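Undergrad: Below is one structure. I have some questions about it.
What follows draws every value from the coordinates through simple rules; no lab data is involved. Predicted, not measured: the structure shown is a model, and the values here were computed from it. Cβ: placed from backbone, ideal geometry, glycine included. Neighbour counts: every protein chain shown.
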Amino acid sequence: MNTTTATTANTPASEEELAAIAKAVNRQRLVIFLRVALAIFTLTSWELAVRYELIDPFFFSQPSAIYEQLYVWLTEGTAQGPLWRELLVTMEETVLGFLIGSLLGIFCGIALGRNKLAGDVFSIYIKVANAIPRVVLGSIFIIMFGLGMGSKVALAVVMVFFVVFGNAFQGVREADRNLIANAYILGASKRQVTFTVVFPSALSWILASLHVSFGFALVGAVVGEFLGARHGIGLLISTAQGSFNAAGVFASMVVLAVVALAAEYSLTALEDKLLKWRPAQFVEHGM
Amino acid sequence: MPTPVIELTNVSRKFISAQGQVTLALREMSLIVNEGDFCAIVGPTGCGKSTTLGMITGLSPPSTGSVKVFGKPVTGIDPNIGFVFQADAVFPWKSVIDNISIGPIYRGKDSKTAKEMAAEWVRRVGLSGFENHYPHQLSGGMRKRVALAQTFINEPKILLMDEPFAALDVQTRALMQEELLGLWSEKKASVVFVTHDIEEAIALADRVVVLTKGPGSVKSSYEIPLARPRDVSQARYSDEFVHLSKQIWFDLKGEVQI
Ligand SMILES: Nc1ncnc2c1ncn2[C@@H]1O[C@H](COP(=O)(O)OP(=O)(O)OP(=O)(O)O)[C@@H](O)[C@H]1O
Ligand SMILES: [Mg+2]
């Protein structure tokens, strides 16, 4: 609604403009309404399906049981301690793994991408490394670093590194030859070209990979905990699994989903800030 | 005796693709541009005009033959050369003012001085008020003007331009042509100007070089005896101009006939 007043303040908006703005606002509302409606519909059908014994709550649990489980965790804490502490442990592993993995990935990707021969030699191995399931390394890290935080961070790093590395590398390779040539002619040194041309061109690739890789870091941390840990959401899941507590597994998933969603929002905000030079992907009609 | 600043002697350029396919872009091309000369190059599309400029900058070395700039064989990128690319080559993540000030910054000026120099150029290319726009917010012609300012701010001794005004409307083009001539006579730069537009070539240049169809070499070369300073918009109506224009048209037509 702010948009409407802002427009009228500058220039008196015409009938059509106002209509277009109203249409856009209405559409926005419709989307939000449909999102909420879909969630309610899914949860209700799930609950009802269990109540009318169409599906077995032993495997699939039910929304009310998940809610109760979350309530218990929030008020009384989990068997391992308060929920927030478990979450904090997982978050610490995830964020550490994410930061180390992406910084290493960006650095190596750009360094290798700038070197033609090294790039040609390594590109095949990057594809291989991206294709093999790296979670398997979790077992090795547990052996190497023990049950503490180190093994989880290491797994998260490995999960993140290759994705970011691959994208940074590709982004460098795709940097516009003309822009690079132009920079050299304008007087740039190789270093300046790397920092003022290659890195900014690769940035949209890198940021795109950060979205995926935060999820990967979370997977790394949780799987690491799953394989063996003293704290964390992964351990919560594995405990719930051990006691055939499906609601516990789902409740952990809800907690992780909230975290992932929050991270996604922050990353999108960061991306919008860093890539404000990019043309809008689509322009909202009338906005 | 005029001193040559650019000398191409029997230059050929082959492009070899990853699949091993060979394209000959230039064949035995020879061209001399003297100090302070304004040389225009016209030729059919794909005849190797951009390739020629690329070799002078040092961005892509010739396959055979020699390219000399300021009497020395070209081995790298000469800081005295400015090059306005045919394709869009402004940095999309930099605002207009940052795009224009980047040359001086690369060359070691502090950013405050560079910004001041750039502000002057923003005005000269008629982009006042757009300093903080990003290239995607500009029209094609405005982007071209950013590219021109970006090159001119370095005050190159040799100015290579690859169809710089092709994207501009008639009025802006005339303005930019005047600006270019003003700049050229003021700084006495040597200019190599590639264009599709014969009239533009005649109106601006001391010499128009016509290339054969690809693989290109020099077909003919015309001295343009029109007096300086020239009024670009008026020059085209003189008899001399019309006569030259017909001659060059005739030469080119022979090359593009299929
Ligand atoms: N990087 C490249 N790889 C392979 N072939 C190339 C390359 N660059 C140019 N060529 C070929 O060289 C020839 C000359 O190209 P060039 O770009 O110099 O033409 P041009 O005279 O500038 O044409 P136009 O007027 O259309 O810009 C063309 O046949 C083109 O296909
Ligand atoms: Mg060209």
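Undergrad: Treating the beta-carbon of each Lys and Arg as +1 and of each Asp and Glu as -1, no other charges, what is the dipole magnitude of the range B:189-258 about its Cα centre, to the nearest 20 debye?
TA: 160 debye
Undergrad: Also: Between beta-carbons, use under 13 Å as the cut-off and find the net charge around A:GLU68, counting Lys and Arg +1, Asp and Glu -1.
TA: Its environment carries a net charge of -2.
Undergrad: What's the angle, to the nearest 10 degrees (0 to 90), between helix B:111-124's Cα axis and the longest principal axis of chain B?
TA: On a 0 to 90 degree scale, this one is about 60.
Undergrad: Report the residue, chosen from B:GLY129, B:GLY141, B:GLY36, that carries the largest GNM mean-square fluctuation when chain B is represented by alpha-carbon nodes joined by springs under 10 Å.
TA: B:GLY129
Undergrad: What does the charge count near B:ALA25 come to, summing +1 for each Lys or Arg and -1 for each Asp or Glu among other residues with Cβ under 11 Å from its Cβ?
TA: +4
Undergrad: What is the dipole size for the range A:66-274, taken about its Cα centre, with +1 at each Lys and Arg Cβ and -1 at each Asp and Glu Cβ, in debye to the nearest 20?
TA: 860 debye
Undergrad: Can you give me the Cα centroid spacing of the range B:1-23 and the range A:74-119 in angstrom?
TA: Here the two parts' Cα centres lie 51 Å apart.
Undergrad: Rg over Rh of the range A:131-287, using C-alpha atoms and the Kirkwood radius, what does it come to?
TA: 1.12
Undergrad: Also, quick follow-up: What translational diffusion coefficient, in µm²/s and rounded to a whole number, does the Stokes-Einstein relation yield for chain B at 10 °C and a viscosity of 1.306 mPa s, taking the hydrodynamic radius as the Kirkwood radius over Cα pairs?
TA: Estimated diffusion coefficient is 83 µm²/s.
Undergrad: Could I ask something else about it? Give me the orientation-averaged projected area of the Cα convex hull of chain A, in nm², one decimal.
TA: If I average the Cα hull's projected area over directions, I get 21.9 nm².
Undergrad: Follow-up. Given A:LYS116/A:LYS273; B:LYS187/B:LYS246; A:LYS23/A:LYS276; B:LYS219/B:LYS246, which pairs have Cα atoms separated by over 22 Å?
TA: Too far apart for the 22 Å limit: A:LYS116/A:LYS273; B:LYS187/B:LYS246; A:LYS23/A:LYS276.
Undergrad: A follow-up question, please. Based on alpha-carbon centroids, what's the gap between the range A:242-280 and the range A:121-143 in Å, whole number please?
TA: 24 Å
Undergrad: Suppose every K and R has +1 on its Cβ and every D and E has -1 on its Cβ; what is the size of the dipole of the range A:53-96 about the Cα centre, in Debye to the nearest 20?
TA: That gives the range A:53-96 a dipole magnitude of about 120 debye.
Undergrad: A further question follows. Give the separation of the Cα centroids, the range B:75-143 to the range B:154-171, in Å.
TA: If you average the Cα positions of each part, the centres end up 13 Å apart.
Undergrad: Considering the dipole of the protein assembly as shown built from charges on the beta carbon (Lys and Arg +1, Asp and Glu -1) around the Cα centre, which of A:GLY215, B:VAL96, B:SER60 is farthest to its positive end?
TA: Working it through, the farthest residue towards the positive pole turns out to be B:SER60.
Undergrad: For the range B:91-155, what value does the Rg/Rh ratio take when both radii are computed over Cα atoms and Rh is the Kirkwood radius, given to two decimals?
TA: When Rh is taken as the Kirkwood radius, the ratio is 0.93.
Undergrad: Could you compute the net charge surrounding B:LYS72? Neighbours are other residues with a C-beta less than 15 Å from the C-beta of B:LYS72; K and R count +1, D and E count -1.
TA: -1
Undergrad: Pairs to check: B:LYS109/B:LYS188; B:LYS68/B:LYS94; A:LYS127/B:LYS14. Give those whose C-alpha atoms are more than 30 Å from each other in this structure.
TA: Too far apart for the 30 Å limit: B:LYS68/B:LYS94; A:LYS127/B:LYS14.
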